[in-house]
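**Q** Starting off with a structure, shown below.
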Amino acid sequence: MVFSKRKMKQFLAFGVTIVLVICLYKSWGSPTNGMSHYAYDDGDNTGVEAADNAAVDQEHRRAGPSPERLVLSVFDYNGHRQHNSIDGAKDDAEAGGPLEHDDVERVLVQNILRPLRKGSAEGVVQKRRIVPSHDNLALDDPEQESRLNELHEAKRQILELERKIQELEGRIPRKYPDVTFLNYKNRKRILITGGAGFVGSHLVDYLMMQGHEVIVADNFFTGRKRNVEHWLGHENFELIHHDIVNPLFIEVDEIYHLASPASPPHYMYNPVKTIKTNTLGTINVLGLAKRVGAKVLIASTSEVYGDPDVHPQPETYWGHVNPIGPRACYDEGKRVSETLSYAYAKQEKVNVRVARIFNTYGPRMHMNDGRVVSNFIIQALQNQSITIYGSGRQTRSFQYVSDLVDGLVALMASNYTQPVNLGNPVERTIQDFAEIIRDLVGCKSKIIELPAVEDDPQRRKPDISRAKKYINWEPRVPLQEGLMKTVDYFRKELARSNHSQRNIFVPETTEFRNLL
């Protein structure tokens, strides 16, 4: 009698479980017109359960193959489990293990959560896809429309969840490069005008990695916020949208005055603005340095030598410049900037440094700045003809941007106040340089000659004896190594098809650069 009562309890528990499962499944909705996809195998088809199972099997066969199959474990009369699998996968548990109610709940929960694990609308749509059958083809339009509405609603909810996840990720503190810690005695507040530009952004990276507080002032004429976006939000970094033609009132210890368009297409686009930046802007920077007692470095250029008659060009050479030519807005503007610097140094006792920068290349250059390096690399990567203005026999000397940054920092830290050339003394013709880039990219571009540009210097090579002697500086990065990094940057830049595809040049650590 006790044995039959226990059997009866198991039988009733199983029957209640089956009824609940069927009710729940019908309330959720079936992908095949409400047809059940449960397959039961209890080893016995007697009584009410056998009739129910036979009816379910018959409906299942009519419905055809379903996109999902859930086989629930059931009891045989000895209390042992026959099956327990999802999507046809066999259970790894022992065949003779008893089935617990938790097993049934686990299978049901897995079947419910499976579409949600995809994390996108595509996963849900794939799980909900209807397999064509005779019953499906006979569906009424209202029912089809209802299912489509359910799919659209599911997609909308998932997109909303993705939006909320992105919003939450935006609240997570950003991870910045590991900067050196400096206490308040050694940490300086440094202003960099034009700090979002090509050279300025690399100088920002170096000073930030050193642990200083850096303030960038830029009007974004040629600079780009993307060049310094990896520092936005850092406690040591501040970005000010400001045109240095207007006065700036802040407290700083050092100033690097780099604000000015530097490529011919940019500075000739608005020559009056170029002159104002190099005259009024320099006056504002020197006035700020005077008020707060800051040391200031003026970024001058090799263009102050014009089309030189002396080769190589020492700092003592006064230059050969056309004051009314198309390049005069930049050439003469920088010459006036140097004159203003030494006038303030003599009259107002401002502590000034002047760096005459020669041709520089590297990542973050403008793709359309019209300079030799960027022009040649872009043309080679796109298999276009490499264009040379003139005969190609004019010479230039190219230094990698990290070498220039090292020179600027060394000059600022020194006690030397006279102008210093910062450039690579290795001289190459434009023709040779075009061939080097073509071979490095591995293209078959032709090199063609176009008419020469007015007032284009024919020879350019710095004499860096003063830099070696007073600031212990000379270029270290080989041309091939620097060009490879630059080509890789431009290749990634050309591969971008939308704004979300970032091409951020990550700054090198101080230890890595010291090893180099």
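**Q** Among the residues of the range 279-316, count how many are assigned to a loop (DSSP other than H, G, I, E, B) and either open to solvent by 70 Å² or more (accessible area, probe 1.4 Å) or modelled with pLDDT under 95 (or both).
**A** Of the residues in that region, 7 qualify.
**Q** Inspect all residues belonging to the range 228-243 and state whether any of them is open to solvent by less than 30 Å² (accessible area, probe 1.4 Å), in a strand (DSSP E or B), of a type outside the set (Phe, Trp, Tyr) and over 22 Å from residue 359 (Cα atoms).
**A** No.
**Q** Something else about it: How about the range 294-340: which of its residues are of a type in the set (Gly, Ala, Ser) and closer than 22 Å to residue 200 by Cα?
**A** 294, 299, 300, 302, 333, 337
**Q** Turning to a different aspect of this structure: Somewhere in the range 300-314, is a residue within 22 Å of residue 412 (Cβ to Cβ), among the hydrophobic types (A, V, I, L, M, F, W, C) and touching a residue at least 40 places away in the same chain (Cβ under 8 Å)?
**A** The answer is yes, given that some residue of the range 300-314 is within 22 Å of residue 412 (Cβ to Cβ), among the hydrophobic types (A, V, I, L, M, F, W, C) and touching a residue at least 40 places away in the same chain (Cβ under 8 Å).
**Q** Could you check, for the range 325-343, whether at least one of its residues is within 25 Å of the chain's Cα centre (by Cα) and either open to solvent by less than 40 Å² (accessible area, probe 1.4 Å) or not aromatic (Phe, Trp, Tyr) (or both)?
**A** no
**Q** Among residues belonging to the range 366-385 that are surrounded by fewer than 22 Cβ atoms within 10 Å (Cβ to Cβ) and among the hydrophobic types (A, V, I, L, M, F, W, C), point out the one that is nearest to residue 470 (Cα to Cα).
**A** 372
**Q** Quick one: residue 392 ticks every box in (1) open to solvent by 10 Å² or more (accessible area, probe 1.4 Å); (2) at pLDDT below 95; (3) not charged (D, E, K, R) except a single one, so which number is it?
**A** Among (1) open to solvent by 10 Å² or more (accessible area, probe 1.4 Å); (2) at pLDDT below 95; (3) not charged (D, E, K, R), residue 392 violates only (1).
**Q** Tell me which of these residue 276 doesn't satisfy, since it passes every other one: (1) open to solvent by 30 Å² or more (accessible area, probe 1.4 Å); (2) out of contact with any helix residue (DSSP H, G or I) (no Cβ under 9 Å at 6 or more places or on another chain); (3) not in a loop (DSSP other than H, G, I, E, B).
**A** Looking at each condition in turn, residue 276 falls short on (2).
**Q** Would you pick out the residues in the range 420-435 that are assigned to a helix (DSSP H, G or I) and either among the basic types (Lys, Arg) or open to solvent by 40 Å² or more (accessible area, probe 1.4 Å) (or both)?
**A** Within the range 420-435, 431, 432, 435 meet the criteria.
**Q** Name the residue, out of 178, 218, that is open to solvent by less than 90 Å² (accessible area, probe 1.4 Å) and either touching a residue at least 60 places away in the same chain (Cβ under 8 Å) or touching a Lys or Arg at 6+ places or on another chain (Cβ under 9 Å) (or both).
**A** 218
**Q** Can you name the condition, by its number, that residue 448 falls short on among (1) at pLDDT 95 or above; (2) open to solvent by 60 Å² or more (accessible area, probe 1.4 Å); (3) assigned to a strand (DSSP E or B)?
**A** Among (1) at pLDDT 95 or above; (2) open to solvent by 60 Å² or more (accessible area, probe 1.4 Å); (3) assigned to a strand (DSSP E or B), residue 448 violates only (1).
**Q** Are there any pairs, at least 6 apart or on different chains, whose C-beta atoms fall under 6 Å, with the first in the range 446-470 and without any contact (Cβ under 8 Å) to a residue 24 or more places away in the chain and the second open to solvent by 40 Å² or more (accessible area, probe 1.4 Å) and assigned to a loop (DSSP other than H, G, I, E, B), and if so, which?
**A** Between residues of the range 446-470 that are without any contact (Cβ under 8 Å) to a residue 24 or more places away in the chain and residues that are open to solvent by 40 Å² or more (accessible area, probe 1.4 Å) and assigned to a loop (DSSP other than H, G, I, E, B), the close pairs are 468/474.
**Q** How many residues, within the range 391-449, are touching a Gly at 6+ places or on another chain (Cβ under 8 Å) and of a type in the set (S, T, N, Q)?
**A** 5
**Q** Is it true that residue 266 is buried (at least 16 other Cβ atoms within 10 Å of the Cβ) and more than 21 Å from the chain's Cα centre (by Cα)?
**A** Considered against the rule, which asks whether it is buried (at least 16 other Cβ atoms within 10 Å of the Cβ) and more than 21 Å from the chain's Cα centre (by Cα), residue 266 comes out as yes.
**Q** For the range 128-213, which fully contained helices (runs of 4 or more DSSP H) count at least 1 residues that are on the phi < 0 side of the Ramachandran plot and at pLDDT below 85?
**A** So the answer is 134-137, 141-171.
**Q** Next up: Restricting the range 395-419 to residues that are within 18 Å of residue 467 (Cβ to Cβ) and among the polar types (S, T, N, Q), which is most open to solvent (accessible area, probe 1.4 Å)?
**A** Filtering the range 395-419 for residues that are within 18 Å of residue 467 (Cβ to Cβ) and among the polar types (S, T, N, Q), the one most open to solvent (accessible area, probe 1.4 Å) comes out as 415.
**Q** Being more than 22 Å from residue 178 (Cβ to Cβ) and either aliphatic (A, V, I, L, M) or surrounded by 19 or more Cβ atoms within 10 Å (Cβ to Cβ) (or both), is that true of even one residue in the range 203-213?
**A** No, that holds for no residue.
**Q** Condition test on residue 343, is it aliphatic (A, V, I, L, M) and not in a strand (DSSP E or B)?
**A** yes
**Q** Could you list all residues from the range 244-261 that are among the hydroxyl-bearing types (Ser, Thr, Tyr) and open to solvent by less than 20 Å² (accessible area, probe 1.4 Å)?
**A** Answer for the range 244-261, where residues must be among the hydroxyl-bearing types (Ser, Thr, Tyr) and open to solvent by less than 20 Å² (accessible area, probe 1.4 Å): just 256.
The values are calculated or read from the model by the stated rules, or taken from the named source; none is laboratory data. Note that the coordinates shown come from a computational prediction; the quantities given were computed from them, not determined experimentally. Backbone-built Cβ (ideal geometry, glycine too); neighbour counts: all protein chains shown. Note: accessible area is taken over every heavy atom of the protein model, side chains too, but ligands, DNA and RNA are not part of it. Shrake-Rupley method; radii C 1.70, N 1.55, O 1.52, S 1.80 Å.
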